[in-house]
1. Please go through segment 124-144 and give me each residue that is within 14 Å of the chain's Cα centre (by Cα) and under 19 Å from Asn198 (Cβ atoms), ordered by number.
2. In this structure, is Leu161 within 27 Å of Gly13 (Cα to Cα) and touching a residue at least 60 places away in the same chain (Cβ under 8 Å)?
3. Please tell me if Arg200 is at pLDDT below 95 and either of a type in the set (Lys, Arg) or closer than 13 Å to Thr212 by Cα (or both).
4. When Gly8 is evaluated against the numbered criteria (1) assigned to a strand (DSSP E or B); (2) out of contact with any strand residue (DSSP E or B) (no Cβ under 9 Å at 6 or more places or on another chain), which criterion, by number, is the only one it fails?
5. Residue check: is Ala117 assigned by TED's automatic domain parsing to the domain that holds Ala209, touching a strand residue (DSSP E or B) at 6+ places or on another chain (Cβ under 7 Å) and small (Gly, Ala, Ser)?
6. For segment 164-186, which positions are β-branched (Val, Ile, Thr) and touching a residue at least 40 places away in the same chain (Cβ under 8 Å)?
7. Report, by residue number, each residue of segment 98-116 that is surrounded by 17 or more Cβ atoms within 10 Å (Cβ to Cβ) and of a type in the set (A, V, I, L, M).
8. Does segment 158-181 hold any residues that are surrounded by 18 or more Cβ atoms within 10 Å (Cβ to Cβ) and part of a loop (DSSP other than H, G, I, E, B), and which are they?
Amino acid sequence: MTAPLTIGVIGVGHLGSHHVRILAALDLWQLAGVFDVDARKNATVAAQYNLSTCGSIDELIERVQAVVICTPTESHAPLARRAIAQGRHVLVEKPLCSSDVEAGELIALARHSGVTAAVGHVERFNPALAVIRGHLGSPRFIEAHRLNQFSPRGLATDVILEMMIHDIDIVRDLVGAEPVEIRAAGVPVLSETDDIANCRLAFPDGCIANLTASRISATPMRKLRIFSADHYTVVDLAEKSAESYRLFGSAALPPAEGYRTLTQWQGKAIAHQAFAVPQVNALEAELRDFHAAILERRPPRVDFAEGARSLRLALAIAAACKESARAARNPERSHSHSTTVTA
């Protein structure tokens, strides 16, 4: 049996506490310590998991082979640099950092140091998303809704970098390309940054994605709807369920195994399939992938370069929202802003 790798968690707030809980239960990892700037929280979590307390970030880094960084976004880059400089493998929660410049520096540093560097885009490991791969055809239109009820946590970051970036990353992965055009609009409601945002992304092959994120919704939702020429697939990322409606021509009748015919007309049929989704904890799967990537010396599922691409698109959408807001104050300009994206 492979000896577990030692790991520590920097930042034990809402998300960091989930990392700690799962790491403490996984034999692959030996949780060696945690650190949080809140001394009371630091001591409470250390006591809960029978860990000796760390008086500083550097003390924690010295103890471990890998770290998970779950702090506010603006601190991701400096903390990752400190860990990588000491030769530690790093998993940074999304978004990777605050800017393209920081992202480029982190990518270069990780490559030079030879460490495994991952970004916590946990929805990539959602089992409902995993089961529909291979059943989508070629997506022509994707619609994503990510809606949360209001919470004061995270209001310093706009809803695009806080929430929509999950769906930005999913859509990029499903389409396998970067968009060539962005149209976006956002509205601040209770905070100083956008609390609701919508964007329309146009991809080189003609696929269109429409993404909506809100953190002031009455009803939470995390859904994807994916349309192709002969498929319509619905994925509920919160409920971890997936179903597909598929059009079968006369040459393909009766429908493929797993599909139940709903309607037939003139040699065509619409059939339905509800997918069996395994009970997989996505965060645990992400931490397992991080561990395997270190041992196998391969890139993690979402490495710094992938995380940087999703960050770049999120920043472009946020910029388009700001331009849209400026245009709305000027009646001579359009109320939504179109941006052509260049490589």
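1. Ala144
2. On the way: within 27 Å of Gly13 (Cα to Cα): yes; touching a residue at least 60 places away in the same chain (Cβ under 8 Å): yes.
Considered against the rule, which asks whether it is within 27 Å of Gly13 (Cα to Cα) and touching a residue at least 60 places away in the same chain (Cβ under 8 Å), Leu161 comes out as yes.
3. Values: at pLDDT below 95: no; either of a type in the set (Lys, Arg) or closer than 13 Å to Thr212 by Cα (or both): yes.
Spelling it out, it is not the case that Arg200 is at pLDDT below 95 and either of a type in the set (Lys, Arg) or closer than 13 Å to Thr212 by Cα (or both).
4. It is condition (2) that Gly8 fails.
5. Values: assigned by TED's automatic domain parsing to the domain that holds Ala209: no; touching a strand residue (DSSP E or B) at 6+ places or on another chain (Cβ under 7 Å): yes; small (Gly, Ala, Ser): yes.
It is false that Ala117 is assigned by TED's automatic domain parsing to the domain that holds Ala209, touching a strand residue (DSSP E or B) at 6+ places or on another chain (Cβ under 7 Å) and small (Gly, Ala, Ser).
6. In the first step, residues of segment 164-186 are kept if they are β-branched (Val, Ile, Thr); the result is 165, 168, 170-171, 175, 180, 182.
Correct list: Ile165, Ile168, Ile170, Val171, Val180, Ile182.
7. Hits for segment 98-116 are Ala103, Leu106, Ile107, Leu109, Ala110, Val115.
8. Asp158, Pro179
The values are calculated or read from the model by the stated rules, or taken from the named source; none is laboratory data. Here the structure is a predicted model, which means the values were calculated and not measured. Positions of Cβ are backbone-derived with ideal geometry, glycine not excepted, and every protein chain shown enters the neighbour counts.
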